[in-house]
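S.K.: My structure is below; once you've seen it, I'll send some questions.
The values are calculated or read from the model by the stated rules, or taken from the named source; none is laboratory data. What you are looking at is a predicted structure, and each value in this text was computed from that prediction instead of being measured. Cβ atoms come from the backbone with ideal geometry, glycine included; neighbour counts cover every protein chain shown. The accessibility values were calculated without ligands, DNA or RNA, using every heavy atom of the protein model including side chains. Shrake-Rupley method; radii C 1.70, N 1.55, O 1.52, S 1.80 Å.
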Amino acid sequence: MSSVSSTQEQSLASVVVVDYGLGNLRSVTRGLERAGAEVEITDDPAAFDAADGVVLPGVGAFREGIENADPLREDLLAVAERGQPLFGICLGMQMLLTTSEEGETDGDAAVEGLDLVPGTNVRFAEGQKVPHMGWNELEVQREHPLVEGVDGNYAYFVHSYYAVPDDENAAVATTDYETEFPSIVANEAGNVFGTQFHPEKSGETGLQILRNFVEICAEE
């Protein structure tokens, strides 16, 4: 399926939002349009190749996300291999990792994520209120174009699991919710990255993140 959103008069970059059956596609699209992108919602791999950048949204459970997106696995890996910007949002960010404790519930075998940012997703400790829901501060840990102008700002989170990358340098920004966890991650090459929070629900902070992403895409 494929749908092209209304475009701004002068878009800065073309962005594909991956439609694999999960995610706030319309709200993500509206946010990207406000940030200056021409957006197409699609599951067509040819569109991934043609775009300046690709967004992998997501709301829900890790297993369902991976199973839904599995027909597009090789195409998403090809996006990363080509050096195109690939931006995972919330569940989409968790899917960039190798696996998740969430995929091991009820005796089921673990499902494998995209493994573009090696690591696992773990559940908040027993006794912590889950899901973590609300506004929390972003503390930038290292330079990356996605986080220009957002250090110390607040973003909106809804999640019960968080990323634990194998390489601690993969954490671009962290957030404290009784425990410190990576709220923005990126691969070593810098073209694959994700936010645990929802930028499309995070007001001016989220809009700045989306603008930064569109600028990254425009430079490719």
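S.K.: If you check every pair at least six apart or on different chains, which have Cβ atoms under 6 Å apart with a residue in segment 71-98 that is farther than 18 Å from VAL158 by Cα first and a residue that is of a type in the set (Gly, Ala, Ser) and assigned to a helix (DSSP H, G or I) second?
M.R.: LEU86/ALA80
S.K.: Follow-up. Could you say which residue among ALA78, ALA61 is of a type in the set (A, V, I, L, M, F, W, C), more than 18 Å from VAL185 (Cβ to Cβ) and modelled with pLDDT under 95?
M.R.: ALA61
S.K.: Of the residues that sit in segment 179-189 and are in a strand (DSSP E or B) and hydrophobic (A, V, I, L, M, F, W, C), which one is farthest from the chain's Cα centre (by Cα)?
M.R.: Among those that are in a strand (DSSP E or B) and hydrophobic (A, V, I, L, M, F, W, C), it is PHE181.
S.K.: Among the residues of segment 27-50, are any assigned to a helix (DSSP H, G or I), touching a residue at least 12 places away in the same chain (Cβ under 8 Å) and aromatic (Phe, Trp, Tyr)?
M.R.: Yes: one or more hits.
S.K.: Taking ASP176 as the residue in question, decide whether it is among the acidic types (Asp, Glu), in a strand (DSSP E or B) and touching a residue at least 12 places away in the same chain (Cβ under 8 Å).
M.R.: Criteria met by ASP176.
S.K.: I've got another one for you. Tally the residues that are open to solvent by 10 Å² or more (accessible area, probe 1.4 Å) and at pLDDT below 90, restricting the search to segment 89-106.
M.R.: Matching residues across segment 89-106 total 4.
S.K.: Taking the condition under 16 Å from ALA218 (Cα atoms), under 14 Å from the mean Cα position of the chain (by Cα) and either in a strand (DSSP E or B) or of a type in the set (Gly, Ala, Ser) (or both), does VAL55 pass?
M.R.: Against the criterion (under 16 Å from ALA218 (Cα atoms), under 14 Å from the mean Cα position of the chain (by Cα) and either in a strand (DSSP E or B) or of a type in the set (Gly, Ala, Ser) (or both)), VAL55 qualifies.
S.K.: Can you pull out every residue in segment 172-220 that is out of contact with any Pro (no Cβ under 9 Å at 6 or more places or on another chain), open to solvent by less than 10 Å² (accessible area, probe 1.4 Å) and aliphatic (A, V, I, L, M)?
M.R.: Within segment 172-220, ILE184, ALA186, VAL214 qualify.
S.K.: With respect to ASN121, determine if the residue is closer than 12 Å to ILE184 by Cα, free of Cβ contacts under 8 Å to residues at least 60 places away in the same chain, among the polar types (S, T, N, Q) and not in a loop (DSSP other than H, G, I, E, B).
M.R.: So ASN121 does not fit the description; no.
S.K.: Which residue, of GLY152, GLY113, is part of a loop (DSSP other than H, G, I, E, B), at pLDDT 95 or above and loosely packed, with under 15 Cβ neighbours inside 10 Å?
M.R.: Among GLY152, GLY113, only GLY152 is part of a loop (DSSP other than H, G, I, E, B), at pLDDT 95 or above and loosely packed, with under 15 Cβ neighbours inside 10 Å.
S.K.: What number of residues within segment 64-74 satisfy the criterion of being touching a helix residue (DSSP H, G or I) at 6+ places or on another chain (Cβ under 7 Å) and surrounded by fewer than 18 Cβ atoms within 10 Å (Cβ to Cβ)?
M.R.: Residues that pass the stated criteria total 0.
Residues are listed down the side, and each one gets a yes or a no for (1) in contact with a Pro (Cβ under 6 Å, 6 or more places away or on another chain); (2) outside any helix (DSSP H, G or I):
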site	(1), (2)
VAL59	no, yes
ARG63	no, no
ALA69	no, no
ASP75	yes, no
MET93	no, no
VAL117	yes, yes
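S.K.: Here is a follow-up. Does segment 6-15 contain any residue that is at pLDDT 95 or above and surrounded by fewer than 23 Cβ atoms within 10 Å (Cβ to Cβ)?
M.R.: yes
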